[in-house]
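Before any comments, here is the structure.
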Amino acid sequence: MRILVMGINHRTAPVELRERVAFDPEQARRAAAELTRPTHQDRPLLREAAVLSTCNRSELYAVPDPDATETVPALRDYFAAFHGLSPVALASSLYVHEDADAVRHLFRVAAGLDSMLLGEAEILGQVRTAYQRAFANGTTGPVLNRMFQGALEAGRRVRSQTGLGAGPMSVAFAAVKLAEQIFGRLRECTALIVGAGTVGEQLVEHLRNRKIRNLLVANRSWERACALAARFHGEAVRWDELSQIWSRPDIVVTSLAVREPWLTRAELETAMAARGNRPLFVIDLGVPRNVEAEVGTLYNVYLYNLDSLAEIVKQNRRARQQEIPRAEQIVEEHVARFEAWRAAAEMVELLRSLRHQGTAPDAAALDQRLERMHDLSPQERRDLRGIAEELLALARLEPEAQLRHMPALRERVRRMDRVRDLLGITKGTV
Amino acid sequence: MPTSTAALLLYAVSLALYLWLLYTNRSWMGFGASALLAGGLLLHYFSLMERARALDSVPYQDLPGSLSLFAWLLALTYLGLEVFHRQRSVGAFVVPVVFVLALFSTLFAPQQPPAPPETHSTLFALHVTLNILAYSSFAIAFVLSVIFLLQNRMLRGRAPGRTFWRFPALELLERMSRSSVAVGLLALLAGIGLGLVVSRDVRGQLWSNDPKEIVSVVILLGYAAYLWLGRTTTWRGARASWLCVINFVVVLFSLTIVNLYWSKFHRYF
């Protein structure tokens with residue numbers, strides 16, 4: 001019961017390559033279906049398959065057919081051919097993890113530990129969608145079902161029991177979260193946008209997503225103010241009328257290219273008195289700064305500039321980094337749980353094979369087979385023989401249900417292929 | 001198991017969930033915390049009723065009794081506020097006070113009920129209950145104002161800590177505090193009014209210049225000023241929260257120094 005994952009991500013491939021090997025939902029369905037469909041030799045390459053494709057990764061999770069040989073090269077060729085690339089072009093970017101490493105990889109991905117933005121929330125939903133799609137498509141089986149469910153559980157636990165996803169990680173998002181900490185819901189708030197840069201536009205997008213009541217847009221040039229207002233679906237305000245509208249905004253976002261601050265303490269002091277000291281959140285995204293630093297000393301004015309926002313992001317990043325060991329520990333717990341289940345499932349399969357074959361090898365036959373295993377040390381031979389005898393006894397006597405409660409034996413049955421060889425079981429008998 | 005101990009247990013589990021909620025932010029946990037608090041309130045009510053029956057009056061004559069009533073009303077007011085504002089993160093700060101007070105009143109509950117009070121009338125029972133309700137509402141407003149001041153300090157210092165993001169917005173803290181003070185103010189007004197009527201019935205005079213009466217009026221004016229200043233003037237925000245904190249210091253002064261050393265007619269409420 002092998003498990004493998006093959007794919008590329010933001011660490012191994014540049015965005016240009018990631019774009020070329022991305023799977024849209026339909027392609028993800030098609031690829032998984034093709035790989036699990038019987039070929040002309042009447043055996044599929046994979047027993048189970050699921051594709052996870054996001055802007056930062058394209059990965060194929062697979063349980064190969066026990067009889068299939070050379071699965072990894074075949075999958076590598078398929079991966080390249082599916083996207084019209086030569087295998088050479090992908091060779092240096094494509095990674096493959098097998099068995100426990102593959103399980104650990106998926107669990108870390110779901111937990112946000114492998115994301116470009118450490119602890120990002122979206123990935124858990126993306127893993128869920130990829131799994132649901134593969135499940136609905138009928139390309140998952142007992143192994144991938146269990147593995148994806150385990151990954152989702154691990155991801156949920158990491159999110160709820162660690163601070164890996166806590167605190168905003170971008171300047172624009174940090175500013176909006178701060179606004180929410182001051183005003184609560186932004187639906188009743190009005191924002192004044194003065195000028196627009198990249199971060200400013202991201203911020204406006206966040207404000208609009210939170211259904212802010214009003215967006216006022218001002219600029220030194222009336223035409224530019226109108227153009228920005230049209231783009232942001234806001235209301236244009238003339239520069240020379242700015243002093244008359246100070247009672248309206250709760251949030252001011254400014255990113256003008258100016259040499260001297262355009263918003264001074266004296267001006268805002270008068271404005272604050274006029275607005276009955278209602279709280280005002282001023283976000284200065286300009287470099288050089290658009291707002292005098294002394295504005296921050298005014299009562300009920302909260303002033304943040306690019307540096308102070310960047311510092312919050314930095315602190316959050318550091319805080320998230322500190323949570324990595326706890327998150328990894330949770331992931332390891334879930335990996336161990338899954339691996340225990342996998343070992344038990346493999347043992348059950350092994351015993352079924354033994355029963356299915358009807359005849360079990362006798363002691364002399366076991367010795368003969370052990371003789372042929374030249375790479376084993378005397379101690380390993382003794383261990384293997386002990387395991388084989390125990391399994392044979394179990395196959396004759398014990399009900400399978402009891403096997404699930406035998407962790408010690410499960411622990412010892414690590415090299416399943418060796419045990420199979422010793423007991424003379426052919427793969428895929430069951 | 002005595003009802004008071006069972007109530008205490010429910011409060012303890014509810015408190016654990018409120019604290020955990022602050023850390024994990026899971027909705028089912030918040031629901032569980034509120035449900036357990038409500039369960040604790042119900043059992044606490046039965047325990048108070050037992051005590052009241054034994055006394056044939058509202059339990060106010062001994063410290064454990066009056067603190068138990070205070071804890072119950074504090075939990076009740078908080079739960080009402082939580083349901084009204086749909087905000088559970090403050091529970092982690094209010095429920096510990098409820099738990100400690102309930103624990104104290106359970107541990108130090110007298111073996112024999114204290115001597116029945118001189119006054120048994122319904123008006124008197126209402127006077128006591130309304131005043132304690134007012135103090136519990138002011139206690140909640142105090143907690144909310146302290147959280148507001150800490151949040152505000154972090155915001156202005158541009159150094160929000162890790163727990164900062166878990167707390168309610170400043171605007172909501174202010175709103176919750178105002179609701180709480182409004183409830184407290186109404187209860188205190190009615191409580192003082194009933195107290196005057198009881199005084200007239202028992203002592204034959206409406207106003208007896210008792211220090212407790214004077215301090216209660218000061219408290220009434222202080223909180224009325226908080227409500228008025230915090231809504232309409234430049235005092236809104238941190239200044240109003242400071243006023244709320246100072247008002248509660250006066251409440252504590254009234255409940256301790258005034259009650260124990262100065263007042264002739266009030267002891268534990």
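A short reminder: the numbers here are calculations on the coordinates, not readings from a lab. Computed from a prediction, not measured in an experiment: that's the story for all the values here. No Cβ is skipped: glycine too gets one built from the backbone with ideal geometry, and neighbour counts run over all protein chains shown.
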Legend entry - Size of the stretch B:119-269 as Cα extents on the principal axes (Å, biggest first): 59, 29, 24
Legend entry - Distance between modelled label sites at A:Arg317 and A:Glu188, nm, 7 Å Cα→Cβ extension: 3.7
Legend entry - Note, ³J(HN,Hα) from phi for the stretch A:59-72, Karplus 6.51, -1.76, 1.60, rounded to Hz, x at Gly and Pro: 9, 10, 9, 9, 10, x, 5, x, 8, 6, 10, 6, 5, 4
Inset, instruction - Could you work out how far helix A:265-274 tilts from the main Cα principal axis of chain A, as a 0 to 90 degree angle to the nearest 10? - result: 90
Inset, instruction - Between A:Arg231, A:Arg47, A:Arg317, find the one with the highest GNM mean-square fluctuation for chain A; connect C-alpha pairs within less than 10 Å. - result: A:Arg231
Inset, instruction - With springs connecting C-alpha atoms under 10 Å apart, model chain A as a Gaussian network and identify which of A:Glu153, A:Glu241, A:Glu205 has the largest mean-square fluctuation. - result: A:Glu241
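Ranked by Cβ crowding within 10 angstrom, fewest neighbours first, how are A:Trp239, A:Trp246 ordered?
A:Trp239, A:Trp246
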Inset, instruction - Return the calculated 222 nm mean residue ellipticity for chain B, to the nearest 500 deg cm²/dmol, obtained by summing -39500 (n - 2.57) across DSSP H runs with n ≥ 4 and dividing by the residue count. - result: -26000 deg cm²/dmol
Legend entry - Karplus (6.51, -1.76, 1.60) ³J(HN,Hα), θ = phi - 60°, over the stretch B:214-226, in Hz, Gly and Pro reported as x: 5, 5, 4, 5, 4, 4, 4, 5, x, 6, 5, 5, 4
Legend entry - Choice from A:Lys211, A:Lys314, A:Lys177 showing the highest fluctuation, given a GNM over chain A with Cα pairs closer than 10 Å: A:Lys211
Inset, instruction - Label the stretch A:132-222 by shape, choosing from rounded, prolate and oblate, from the square roots a ≥ b ≥ c of the eigenvalues of the Cα gyration tensor; if a/c is under 1.5 it is rounded, and otherwise prolate applies when a/b is larger than b/c, oblate when it is not. - result: prolate
Legend entry - Radius 11 Å from Cβ of A:Glu311, net charge of other residues (Lys, Arg +1; Asp, Glu -1): +3
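Based on the alpha carbons, how large is the Rg to Rh ratio for the stretch A:81-140 when Rh follows Kirkwood? If you can, show how the numbers build up before the last one.
Details: Rg = 14.0 Å, Rh = 13.6 Å.
In the stretch A:81-140, Rg relative to Rh is 1.04.
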Inset, instruction - Could you work out how far the C-alpha centroid of the stretch A:180-254 sits from that of the stretch B:124-169, in angstrom? - result: 32
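For the stretch B:1-77, what D do you get in µm² per second when you plug the Kirkwood radius from alpha-carbon pairs into Stokes-Einstein at 37 °C and 0.692 mPa s?
Result for D is 251 µm²/s.
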Legend entry - Evaluated over the stretch A:4-166, the Cα radius of gyration and Dmax, each in Å: 15.1, 52
Inset, instruction - Go through the stretch A:8-17 residue by residue and turn each phi into a ³J(HN,Hα) via Karplus (6.51, -1.76, 1.60, θ = phi - 60°); whole Hz please, and just put x for glycine and proline. - result: 10, 9, 5, 7, 9, 9, x, 4, 4, 6
Legend entry - For A:Met1, A:Met6, A:Met147, B:Met49, order by how many other beta-carbon atoms lie within 10 Å, fewest first: B:Met49, A:Met1, A:Met6, A:Met147
Legend entry - Rule-of-thumb Rg ratio for chain B [Cα; 2.2 N^0.38 Å; N residues]: 1.03
Inset, instruction - Enter the angle in degrees (range 0 to 90, nearest 10) between the Cα long axis of helix A:363-372 and the first principal axis of the Cα atoms of chain A, meaning the one along which they spread out most. - result: 60
Inset, instruction - Of the DSSP beta bridges with both residues in the protein assembly as shown, give the percent that are antiparallel, rounding to the nearest 5. - result: 45
Legend entry - Within-13-Å neighbourhood charge of A:Arg238 [Cβ basis; K, R +1; D, E -1]: -2
Legend entry - Cut-off under 5 Å, modelled amide H: who pairs with A:Val252 long-range: A:Leu192, A:Phe281, A:Val282, A:Ile283
Inset, instruction - Please report how far the C-alpha centroid of the stretch B:213-269 lies from that of the stretch B:31-74, rounded to the nearest whole angstrom. - result: 25
Legend entry - Cβ-defined net charge surrounding B:Ser89, 10 Å radius [Lys, Arg +1; Asp, Glu -1]: +1
Inset, instruction - Starting from the Cα of B:Lys264, draw a straight line to each of the aspartates and glutamates and keep only those under 12 Å, dropping any in the same chain fewer than 8 residues away. - result: B:Asp210, B:Glu213
Legend entry - For A:Glu235, residues with placed amide H under 5 Å, excluding near neighbours: A:Leu215, A:Leu216, A:Val217
Inset, instruction - Would you kindly calculate the mean projected area, averaged across all directions, of the convex hull enclosing the Cα atoms of the stretch A:171-309, in square nanometres? - result: 7.2
Inset, instruction - Please determine, in degrees from 0 to 90 and to the nearest 10, the orientation of helix A:171-183 with respect to the longest principal axis defined by the Cα atoms of chain A, where the helix direction is its Cα long axis. - result: 70
Legend entry - Rg and Dmax of the protein assembly as shown, Cα atoms only, in Å: 34.8, 113
